[in-house]
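These notes concern the structure reproduced below.
Any read-out appearing in this document is the output of simple, stated calculations on the displayed coordinates, not a laboratory observation. Since this is a predicted model, take the numbers as computed values, not measurements. Positions of Cβ are backbone-derived with ideal geometry, glycine not excepted, and every protein chain shown enters the neighbour counts.
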Amino acid sequence: MTAKLAVNECTKTFGPTVALASTTLAIEPGEFVSLVGPSGCGKSTLFNVVSGLLRPDNGRVEIDGVDVTGHSGHVGYMLQKDLLIPWRSVVDNITLGAALTRGVTKADQTQAVDFARRYGLGDFLDHYPHALSGGMRQRVALMRTLATNHDLLLLDEPFGALDSQTRLEMQQWLLEVWSETQRTVLFVTHDVDESIFLSDRILVMSPRPGRIVSELVVNLPRPRTLQQMTEPDFIAVKRQILDLLHGTVTV
Amino acid sequence: MNWRTSARVVLIPVVSILLVFLVWDLIIRIFNVEPFVAPSPGEALGALRDNWSTLWPLAIETIRETTYGFVLGAVLGFVLAVAMAQTRIVQGLVYPVLISSQAVPIIAIAAPLVILLGFGIWPKIVIVAWIVFFPVAVSVLDGLANVDEDLLKLAHVMGGTRSRVFLKIRLPATVSPLYSGLKIGATYAVTGAIIGELVASTGDSLAGFQRNANSSLDTPAVWGTTILMTAIGIGWFLLVMTFERLTTPWRTRNTVRRLPFSRHND
């Protein structure tokens, strides 16, 4: 099977700084993979290389086996900032991708309304973003990402700015969306609990130079529940990751 | 808007204007100033009423001058800003001219403009446009420059084309700053028209009327005319503000009011 995403020996330097040492990774279709690591570990650089915002100095990026190195427009992309456009309604924000590439069709509108209704935004279709809470805004941002109809979603700390209560809700909601829409997710986070709760696999990164130092498979059964977060299996994975991030820890 | 906010929006400005008139009236009374030196607000408004049949057609003329000049200036300012935002070179070339245009004392340029354009409505239109285009150009340039970099990145990742990103993101982002520029321009526009009238005036204008009243020591009529001129400026400001509220509903309203054709024509 061809990997959904294959990064082959990509490197990126900015002046004297090696932002990303030679990095190779592959993500299978339908997989949920997280990148964790301290700031400055090259997560964003790797992200920008995969999204096509940055062209790596060396190496190749392939999506579905097609070389897309340095080309944008092949992935869904979402940041911590929701970046909703204040003068567009919820539905019109969801169809932004179409508006920026080829013009919004009736089918795009219908799809946007369907997404919004299915995932808890049905009462807000015609609302402007300023009337929505932080959690709701991130829901709209994710719907906008889904509506670009790319199989691969890059989510860069999408819940980083939310309070912990809302964040837990959003994590469960994201898993629901992910399992129903069968997309492939590459997820960046600082939050170790979040990465374990969501992922099939976790890539741990380390700075100077930015690189992937370890890979952990999360074998917790799905669908995931909040109870799992306090069970020994979960704690064991967490200890492993903290070990990798901070050296030996005594919990 | 519910009645409470409407009351606040309308009532408070009215009260503040009334307070100005009250203070003015008190000063005249306390210092016992003669009407030919400075009238009370009552006397000024009285003179305005007495001369209304003469003043009203003149006011219409001033409103015409400001309207044409304002529209011309706003369009020029907007187009100039959009053009400047396209390339650094254009911006570098035009910006000094923009600044210099505003360093020219308007009163000094008025007379040459009259010589150039005659005594008709044109010198007034040009002066008003001269004043209005600047705040519009500067604020639209600001709006174009201050679009969130991350939003542009997102648009790029989405595969957005240059022209569509401009039409859907950059251009709409200028609307709010555009209104700030228009509001500044609105209050100055009347000043421009009056300067034009003053220099080019053949008598049939608000400025001409005021000068005649001044030379015949009809001070209440001078002040009354000033009140009328001010009212025209305020009217302009209110008009722009109303337009702003109607055309930028996302700043005040929760939901979109859908026009029948707005749904599928993106």
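Some values worked out for this structure:
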item	result
Given charges at beta-carbon only (K, R positive; D, E negative), |dipole| of chain B in Debye	1340
Chain B: relative contact order as a whole-number percent, Cα under 8 Å and 6+ apart	26
Kirkwood-Stokes translational diffusion coefficient of the range A:192-236, alpha-carbon pairs, 37 °C, 0.692 mPa s, µm²/s	286
The protein assembly as shown - charge dipole about Cα centre, Lys and Arg +1 at Cβ, Asp and Glu -1, debye rounded to 20	480
Estimated D of the protein assembly as shown in µm² per second, where Rh is the Kirkwood radius over Cα pairs and Stokes-Einstein applies at 4 °C, 1.567 mPa s	47
Residue exposure sequence - B:101, B:163, B:205 - by fewest surrounding Cβ within 10 Å	B:163, B:101, B:205
Set of the range B:74-89 residues, backbone N closer than 18 Å to the point 7 Å along the Cα-Cβ line of residue B:149	B:88
Kyte-Doolittle at least 0.5, axis length at least 27 Å by Cα - qualifying DSSP helices, chain A	none
Crossing angle, helix B:122-145 versus chain B [Cα axis fit, 0-90 degrees, rounded to tens]	40
Cβ-based charge dipole, the range A:82-149, positive-most Cα from A:119, A:98, A:134	A:98
Farthest positive-ward along chain B dipole, Cα basis, beta-carbon charges - from B:14, B:242, B:100	B:242
Crossing angle, helix B:206-215 versus chain B [Cα axis fit, 0-90 degrees, rounded to tens]	30
Ranked B:216, A:44, criterion: other C-beta atoms within 10 Å, fewest first	B:216, A:44
Inter-chain Cβ neighbour average for residues B:145-158, partner chain, 10 Å	6
Residue-averaged beta-carbon neighbours from other chains (10 angstrom radius) around A:97-107	5
Total formal charge among the other residues, if their Cβ is under 10 angstrom from that of residue B:196, Lys/Arg +1 and Asp/Glu -1	-1
Alpha-carbon Rg with Dmax, taken over the range B:122-266, Å	21.4, 72
Relative contact order %, chain A, counting alpha carbon pairs below 8 Å whose residues are six or more apart	25
25 °C / 0.890 mPa s Stokes-Einstein diffusion coefficient of the range A:119-251, Kirkwood radius on C-alpha pairs, µm²/s	151
Chain B: radius of gyration over Cα atoms, expressed as a fraction of 2.2 N^0.38 Å	1.23
Length gained when the stretch residue B:253-residue B:15 is fully extended (0.36 nm per residue, less Cα-Cα span)	83.0 nm
Other protein chain Cβ atoms within 10 Å, averaged over every residue that makes up A:86-95	4
Reduced Cα scattering model of chain A, Debye log10 I(q)/I(0), q = 0.10, 0.12 Å⁻¹	-0.49, -0.71
Gyration tensor (Cα) of the range A:82-149, equivalent ellipsoid semi-axes in angstrom	17, 12, 10
Proxy reagent accessibility, fewest Cβ within 10 Å first, across B:79, A:66	A:66, B:79
In degrees, nearest ten, helix B:219-247 long axis to first principal axis of chain B (Cα)	20
Convex hull volume per residue for the range A:8-111, taking Cα atoms only, in Å³	148
Separation of alpha-carbon centers, the range B:200-239 and the range A:175-251, rounded to whole Å	75
Share of Cα-Cα pairs in the range B:79-204 lying beyond 21 Å, as whole percent	51
Cβ-placed point charges (K, R +1; D, E -1), dipole of chain A about Cα centre in debye, nearest 20	440
